[in-house]
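Take a look at the structure below.
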Amino acid sequence: MEILGLNDKNQHEQSILVLDRIIGSSSSTAHDLFHAYLLRSLTYKSLYNYTGALINLDLADKVGQGTDFAESASSRVLIEKLFIYFDTKRNEEFAALLQQVTPEKLKHIDGETRAIYECIMGHLEMHKGNYSVANAIYDNCILLLEKESPKHLPIVYKVKVELYNLMGQQDKAIAAYEKGMSYAEQFGIDLYKITMLETIIYFYADNGNYKDAYLAQLEVTKQRRKYDAANRSGKLNDLEKELLQQRNDITLKNRKNMTIALTGVIVLLSALLFLLFKLLKSNKQRRILMENEVVHMRARLESYVNRKEHREEDDNVLLNLEKYDLKKRHIEIIDLIREGKTNKEIGDILFISENTVKYHLKVIFEKLNIDNRSSLRG
């Protein structure tokens, strides 16, 4: 895996950058985020930053909750926390978590992680004085790691050195040390080189070989200085703060752009609503005018039809009217009076005022020499 490979090469900052891109990506799935936090935890752990490691394990656990891989996620987080409490000798927390480890949870653990877990179980047996049981467990762990991930074999050979020392088998202890160191050098993992050197220091000191213990101490100091875990961890913290600030800046910028965009949309919608209101109002007025026009047209059409229907009945009258000097408007008014229309209705139909109708009637009465409109109905 890319991240673990970068950590093995002491490229921890590059690991954090890669993981940060995954964590900050909107396209990352819950599965992606879980593994990103888990790997970030392992990155911090490799630099002895156990606080950072535990924080990221909590984040991984939170992401895994409620997913279809929740059981495997919680199991992995449980085991990784167990490893940290074991390494930091937080015995009470370790004991509490160990009680939660069940065969069912172990089914969700990969072979590499299972081998490290079994190695810790062997360590517990070793401190109980069950050396043969511990040795059998360690041998099984070696078989697992040779198959799954041989780069982690120094972890087992480290405890093998301790076991053989307790059993008084110094030659086997030295052989286990050399074997573990060879794997550390083969895979170029500085952390395991330091681990093996620290183990051999205690071995030499326990057996009174202070000269070799001193030489091993000088070498481990050199390796620690080279590895520079504290400085690397500090750089990672600074890098994460910088990345967080960048992410916050991007978020603020996006919010600002979103606010501007929303303001523009609101202004545009307001303008559209205003135009729509004006259009609806205009259409309403136009509709009213059209409806009035239709009413007038219908009335005139009915008047025309009625005149046509009664043309034969009124023919004599019309003929009589022809001899008078009547204007077209006068004829229209006479026809409407014959239809029984009032002055106001005539005015509405002809689009003239009621007073104008009265004026025309006066003229008609004078020309026809009649006194009232009843005479016009004939």
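The values are calculated or read from the model by the stated rules, or taken from the named source; none is laboratory data. For clarity, every value in this text was computed on a predicted model and none was experimentally measured. Every residue, glycine among them, receives a Cβ derived from its backbone with ideal geometry; neighbour counts consider all protein chains shown. Ligands, DNA and RNA are stripped out before the accessible areas are found, and what is left, the full protein with its side chains, is counted by its heavy atoms. Shrake-Rupley method; radii C 1.70, N 1.55, O 1.52, S 1.80 Å.
Brief remarks on what is shown
- Screening region 356-375 for residues that are more than 14 Å from Arg329 (Cβ to Cβ) and not small (Gly, Ala, Ser) and picking the one that is modelled with the lowest pLDDT gives Arg373.
- Condition check for His108: modelled with pLDDT under 95 and not in a helix (DSSP H, G or I): yes
- Only one of the listed residues (Arg21, Arg90) is open to solvent by 40 Å² or more (accessible area, probe 1.4 Å) and either under 28 Å from His127 (Cα atoms) or of a type in the set (Gly, Ala, Ser) (or both). That residue is Arg90.
- Checked against the criterion of being open to solvent by less than 20 Å² (accessible area, probe 1.4 Å), in a helix (DSSP H, G or I) and modelled with pLDDT under 90, the candidates Ser15, Ser41, Ser75 yield just one match: Ser15.
- Selection over region 152-170 of residues that are touching a helix residue (DSSP H, G or I) at 6+ places or on another chain (Cβ under 8 Å) and open to solvent by 40 Å² or more (accessible area, probe 1.4 Å) gives a count of 6.
- Selection of region 141-165 for residues being touching a residue at least 24 places away in the same chain (Cβ under 8 Å), assigned to a helix (DSSP H, G or I) and closer than 11 Å to Ala115 by Cβ yields Cys141, Leu144, Leu145, Lys147, Glu148, Pro150, His152, Leu153, Ile155, Val156.
- Matching option when the condition is modelled with pLDDT of 90 or more and out of contact with any strand residue (DSSP E or B) (no Cβ under 7 Å at 6 or more places or on another chain), among Leu166, Leu244: Leu166
- None of Gly180, Gly168 is assigned to a loop (DSSP other than H, G, I, E, B) and closer than 24 Å to Asn209 by Cα except Gly168.
- In region 24-37, the residue that is farthest from Lys9 (Cα to Cα) out of those that are hydrophobic (A, V, I, L, M, F, W, C) and surrounded by fewer than 23 Cβ atoms within 10 Å (Cβ to Cβ) is Ala30.
- Matching option when the condition is under 30 Å from Thr43 (Cα atoms), modelled with pLDDT under 80 and not charged (D, E, K, R), among Thr251, Thr259: Thr251
- Number of residues in region 297-353 that are modelled with pLDDT of 90 or more and open to solvent by 70 Å² or more (accessible area, probe 1.4 Å) equals 4.
- Output for region 346-372, where each listed residue is part of a helix (DSSP H, G or I), in contact (Cβ under 8 Å) with a residue 40 or more places away in the chain and either over 18 Å from Tyr324 (Cα atoms) or among the β-branched types (Val, Ile, Thr) (or both): Asp348, Ile349
- Ile116 vs. criteria under 20 Å from Ile55 (Cα atoms), surrounded by 19 or more Cβ atoms within 10 Å (Cβ to Cβ) and aliphatic (A, V, I, L, M): no
- Residue match in region 218-238 (condition: at pLDDT 85 or above and aliphatic (A, V, I, L, M)): yes
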